[in-house]
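**Student:** The structure's right below; bear with me while I get my questions together.
Bear in mind that the values in this text are calculations on the coordinates, not laboratory data. Everything numeric here is computed off the predicted structure, so don't read it as measured data. Here the Cβ positions follow ideal geometry from the backbone for every residue, glycine too, while neighbour counts run over all protein chains shown.
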């Protein structure tokens with residue numbers, strides 16, 4: 001009986017502390033939007049064809065790192081030939097500002113990216129967002145908030 005009581009108190013405390021962390025204002029709004037993200041596509045400069053869809057490159061041969069060589073998280077979205085990389089740059093208070101990212105396809109194709117990480121504050125929490133992303137060494141365009149690199 002004592003063990004069940006202790007477990008019940010522990011569960012109650014975890015739920016209360018956890019809920020205050022997720023919803024610090026108590027208004028039913030989740031306290032985080034998640035990490036900043038920006039989408040990127042690779043296309044042929046002449047035809048506009050997606051270079052992953054047409055098999056020129058494979059998503060699993062890509063590596064993405066920061067300026068110090070540390071891996072950057074990303075997700076490859078393969079949906080209805082959309083074939084887009086969702087890149088999640090580091091997002092802490094120390095990471096605010098313009099950051100360089102290296103998108104490596106192979107030893108001869110390394111795309112230098114630049115992204116601005118900014119802080120969005122409200123009364124109850126802080127989130128981080130990515131904006132002003134661009135390629136420094138390859139032509140690109142931004143269409144519907146997607147960074148389209150032309151190779």
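**Student:** May I ask you to sort 141, 123 by Cβ crowding, counting other Cβ atoms within 10 Å and putting the fewest first?
**Tutor:** Working: 141 13, 123 7.
Ranking 141, 123 by Cβ neighbours within 10 Å, fewest first, gives 123, 141.
**Student:** For region 33-150, what is Rg from Cα atoms divided by 2.2 N^0.38 Å, rounded to two decimals?
**Tutor:** Working: Rg = 14.5 Å, N = 118, 2.2 N^0.38 = 13.5 Å.
Scaled against compact globular proteins, the figure is 1.07.
**Student:** Between residue 86 and residue 37, with labels modelled 7 Å along Cα→Cβ, what's the label distance in nm to one decimal, could you check?
**Tutor:** The two pseudo-label positions are separated by 0.2 nm.
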